[in-house]
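Notes follow once the structure below has been shown.
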């Protein structure tokens, strides 16, 4: 089989993005399907977190042209020598250059429908400090002191998302007649991405959110698509184990589970799918990437 892509589908506990606020009320982003609302974290949010935490954005250069912020691209600075451009770009300064991303994500969508949990907060300490330093009465001069109660919907639930990396595309830029990145650089870029997936964390409302995988399935395949997206289903903290899921795993892919009771049918998952630990799964995946690029 001619492997062309690396694809993973992950189930993780993570918080959602926040959409438009109404006054001092913040609502989580949701999608509507099957007659119900499901909390989400957007693919754009996930991709940005991966690019930043992997160090892929460390060499990012940007420019503002006609009030539009764009990534700097030229024959001297392109995907072959700039990791920040691996996630794709469109530059319209002078000639228009477009290069698609080498990897793709889906939105992370909650496995169960949304249940509203509202949290209430205020900035009482800051307002009290201002009142004290300016000889104001907090109760009488609340507005002058900047006292403001606020509330927001809170959601941290199991969400599923997929990521697929086009291994043929890494380190290449067809917009310019330049040599592609060497094999070790290509492998390093792919490994830096999957390193972040293994240890993903997100900052939401000033809080650190551990979004590491609880369950992950995938590997190197011949199909450049989210191969497991339609066969991984979780309902009420139970992973649905179907024949389609087993058949796809048996085509050269692996499964990992973070033990500890995250799934109600943990024993069934281990027995039916022959899981390994999360760390072992990613260690073996890194070895396969190095083998693919022959480094």
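Here are the numbers for this structure:
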| read-out | value |
| --- | --- |
| Residue count for the range 258-279, restricted to those that are closer than 18 Å to residue 200 by Cβ and not in a loop (DSSP other than H, G, I, E, B) | 2 |
| The range 51-77, residues that are in contact with a strand residue (DSSP E or B) (Cβ under 8 Å, 6 or more places away or on another chain) and surrounded by 12 or more Cβ atoms within 10 Å (Cβ to Cβ) | 53, 60, 61, 63, 70, 71, 72, 73 |
| The range 87-101: number of residues that are surrounded by 14 or more Cβ atoms within 10 Å (Cβ to Cβ) and in contact with a strand residue (DSSP E or B) (Cβ under 8 Å, 6 or more places away or on another chain) | 7 |
| Residue among 84, 110 that alone is in contact with a strand residue (DSSP E or B) (Cβ under 6 Å, 6 or more places away or on another chain) and either closer than 17 Å to residue 170 by Cβ or surrounded by 15 or more Cβ atoms within 10 Å (Cβ to Cβ) (or both) | 110 |
| Test: residue in the range 35-50 that is surrounded by fewer than 13 Cβ atoms within 10 Å (Cβ to Cβ), over 30 Å from residue 292 (Cβ atoms) and free of Cβ contacts under 8 Å to residues at least 60 places away in the same chain | yes |
| Boolean, residue 159 is assigned to a strand (DSSP E or B), assigned by TED's automatic domain parsing to the domain that holds residue 106 and surrounded by 18 or more Cβ atoms within 10 Å (Cβ to Cβ) | yes |
| Condition check for residue 251: under 30 Å from residue 183 (Cβ atoms) and surrounded by fewer than 14 Cβ atoms within 10 Å (Cβ to Cβ) | yes |
| Any hit, the range 190-205, residues being at pLDDT below 95, crowded, with 17+ Cβ neighbours inside 10 Å and touching a strand residue (DSSP E or B) at 6+ places or on another chain (Cβ under 9 Å) | yes |
| Complete set of residues in the range 89-127 that are part of a loop (DSSP other than H, G, I, E, B), without any contact (Cβ under 8 Å) to a residue 12 or more places away in the chain and either over 20 Å from residue 61 (Cα atoms) or within 23 Å of the chain's Cα centre (by Cα) (or both) | 115 |
| Filter result (modelled with pLDDT under 95 and closer than 14 Å to residue 219 by Cα) within the range 251-271 | 251, 252 |
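To keep it simple, each residue is scored yes or no on (1) surrounded by fewer than 21 Cβ atoms within 10 Å (Cβ to Cβ); (2) not in a loop (DSSP other than H, G, I, E, B); (3) not assigned by TED's automatic domain parsing to the domain that holds residue 76.
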| site | (1), (2), (3) |
| --- | --- |
| 168 | yes, no, no |
| 171 | no, no, no |
| 177 | yes, no, no |
| 187 | no, yes, no |
| 208 | yes, yes, no |
| 231 | yes, no, no |
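The values are calculated or read from the model by the stated rules, or taken from the named source; none is laboratory data. If you're wondering where the values come from, they're calculated on a predicted model, not measured in any experiment. Backbone-built Cβ (ideal geometry, glycine too); neighbour counts: all protein chains shown.
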